[in-house]
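The values are calculated or read from the model by the stated rules, or taken from the named source; none is laboratory data. Computed from a predicted model, the values in this text were never measured in an experiment. Positions of Cβ are generated from backbone atoms using ideal geometry, with glycine treated the same way; all protein chains shown enter the neighbour counts. The area values use the complete protein model at the heavy-atom level, side chains included, leaving out ligands, DNA and RNA. Shrake-Rupley method; radii C 1.70, N 1.55, O 1.52, S 1.80 Å.
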Amino acid sequence: MNQSFAFKLLKTGVSVFLTGEAGSGKTYLVNTYIKWLRGHGIQPAITASTGIAATHIGGMTIHSWSGIGIKDKLDKRTLKQITDRSYIRKRIEKTEVLIVDEVSMLSPNTLGMVDLVCRTVRKNLEPFGGMQVVLVGDFFQLPPVVKREMGGNLSSAVFAYEAEVWKKIDPVVCYLDEQFRQDDEDYLSILSAIRRNEFGQGHLNYLEKRKIEFGTAPKDTPWLFSHNRNVDSFNENKLSKLAGEVKEFEMTSVGAKPLVEALVRGCLSPKTLRLKKGAVVTFTKNNPKLAFVNGTLGVVCGFDGQTGWPQVKIEGRCMLQVKPMDWMIEEGGKIRASVSQFPLRLAWAITVHKSQGLSLDRVTIDLSKVFEYGQGYVALSRVRRLKGLYLLGWNAQAFRVHPSILEQDNLFRRESRKIKNQMKFTVEKIHDFIVRAGGSIKKVRMDRDRRVVKPNTQMLTLELWQQGKGVVEIAKERGLKDGTIVSHVEALVSRGQIDKSEIERLLTPTLRGGFDEIKKGFKKLGVEKLSPVYNYFNGVYSYDDLRVVRMMN
């Protein structure tokens with residue numbers, strides 16, 4: 001199935017499983033669909049199974065979005081605690097399209113818990129409470145993490161498609177069969193053979209020609225390792241050998257702490273970026289105007305004399321002045337959290353896990369310590385051509401795929417071909433979905449580039465609040481009135497971004513003395529509006545005082 005057909009199908013509102021080989025354009029199509037939805041006034045919930053995957057599509061983890069966090073089961077009490085949170089309820093109630101990326105790394109148990117939360121909040125017995133669900137991923141890539149302490153092993157991973165709720169959704173399978181990353185037929189045949197579990201001596205002969213010794217790896221080529229410790233030591237060792245002073249660039253953030261932490265964990269750029277002149281780097285974000293994408297390689301050739309920002313030379317191109325870029329979590333058309341950092345990371349080495357989504361022109365890979373199904377395939381599929389691949393070694397696990405996936409993949413392919421022959425599109429179907437999802441058939445005017453949207457004023461207040469500052473301090477620093485900051489805090493409390501227990505910080509000695517009286521006033525009048533209570537007390541208490549008490553009720 002090509003992208004055009006899959007895009008038409010998505011626009012009809014059916015639940016879909018979007019899959020395909022690495023480099024088939026899954027993320028591109030998802031981002032195109034998100035743009036189309038927003039263009040019609042529909043704000044999808046954008047989630048992923050991991051923080052890294054979430055940053056690629058500007059979303060949050062499915063665990064954070066649904067409120068389940070790290071829980072592995074939901075009893076009645078826990079379910080009630082989650083669904084009683086106003087910001088979780090509002091989030092789920094207004095969602096008509098739920099996107100879940102990298103579903104291969106999501107356990108069926110987690111998918112089932114998310115479904116239960118959605119059905120409970122929406123009071124709808126249909127799967128996920130009746131919303132369109134777009135599941136995205138490739139089961140040949142990294143599988144769900146198996147808890148070793150529970151006796152997990154390589155053959156015991158259970159996949160999301162085995163979940164009861166997956167069967168109930170019965171998503172339409174869109175198996176993308178075009179290739180946008182690899183253009184080398186020999187190399188494509190190797191990757192396809194691994195997927196079919198037909199990797200043999202002939203394919204190995206090709207790879208053996210790309211085998212090198214440790215000390216002969218080409219200069220300025222990134223390395224992929226299966227373990228973090230190898231990556232960290234390799235990069236630090238390389239950086240320490242360069243002459244000159246280390247320049248450090250700290251990540252800045254705005255938003256609720258849990259969301260910011262999720263962005264930091266998922267961001268390919270580090271929290272503290274350490275660079276020197278001569279450091280090999282890779283870009284971690286796309287910028288078509290400056291002709292770099294996630295995975296473009298370069299070398300730091302200096303730092304700007306005025307800003308101190310890094311200057312990077314990309315092979316075959318002129319030097320680029322690199323500027324900080326934002327990674328954001330958007331929800332309901334608003335930015336919930338963002339982090340800002342230079343879109344760079346040291347590229348002498350990176351883990352296979354963090355390489356997901358990258359497209360590299362050349363890479364040195366060590367597959368000798370691969371320990372999980374899919375790791376070898378993920379690593380090999382990062383590079384565009386066989387001539388760009390340099391292999392240090394491999395083990396027996398490197399070219400293996402999970403045995404359960406082979407049969408299932410054939411089923412997915414058959415279902416995709418079947419739907420392609422059966423599906424009929426009409427404008428009416430698309431219009432019906434837009435209306436059902438609360439959108440507008442007439443296109444809504446959008447910002448030309450949502451990536452340059454700045455965090456809203458409430459998020460800036462939240463950042464200062466999280467630093468322990470009070471209303472007066474925040475108002476002074478931001479050049480705003482005290483009352484404006486109090487209204488920001490109230491909005492942040494209503495969304496669950498500030499806990500109610502923190503509001504005591506707003507209680508002045510005067511307000512503490514009148515708190516009970518004001519509370520009784522609200523109760524007597526039976527209202528939440530401020531003006532009736534203000535008039536009831538003849539203006540003795542300010543609107544800000546009343547707002548604080550209302551927040552604490």
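Computed over the chain, the range of Cα coordinates on each principal axis works out to 88, 63, 51 Å, biggest value leading.
Estimated at the nearest 10 Å², the accessible area of ILE441 is 80 Å² with a 1.4 Å probe.
Site pair PHE537 and TYR28 shows an inter-label distance of 6.0 nm when each label is modelled 7 Å from Cα along Cα→Cβ. For the peptides 14-21, 364-371, residues were scored by their other Cβ atoms within 10 Å and the scores averaged per peptide; the highest-first order is 14-21, 364-371.
Full extension of the chain segment joining ARG274 with ARG196 gains 23.9 nm, where the gain is 0.36 nm per residue of separation less the Cα-Cα distance. Across the stretch 253-400, the volume of the C-alpha convex hull divided among the residues equals 148 Å³ per residue. Taking each DSSP H run with n ≥ 4 as -39500 (n - 2.57) and averaging over every residue of the chain yields -11500 deg cm²/dmol at 222 nm. As a calculated quantity, the FRET efficiency between LYS94 and THR307 at R0 = 30 Å, using C-beta atoms, amounts to about 0.15. Highest average first, the peptides 201-212, 380-391 ordered by how many other beta carbon atoms sit within 10 Å of their residues are 380-391, 201-212. Evaluating 6.51 cos²θ - 1.76 cosθ + 1.60 at θ = phi - 60° for every residue in the stretch 513-521, the Karplus couplings come out as x, x, 4, 4, 5, 5, 4, 5, x Hz, glycine and proline recorded as x.
Taking 0.36 nm per residue of sequence separation and removing the Cα-Cα distance, the SER86/ASP177 pair yields an extension gain of 28.5 nm.
Remark on ALA48: its backbone amide H falls under 5 Å from those of MET60, THR61, ILE62, ASP101, a criterion applied only to residues 5 or more positions apart or on other chains, H modelled at 1.01 Å from N.
Counting 0.36 nm for each residue step from SER494 to GLU185 and taking away their Cα separation leaves a gain of 105.7 nm.
The simple Förster model, with R0 at 30 Å and r as the Cβ-Cβ distance, assigns ILE441 and GLU250 a FRET efficiency of 0.05. Its Cα gyration tensor gives the stretch 219-306 an equivalent ellipsoid; the semi-axes, largest first and in whole Å, are 22, 18, 16.
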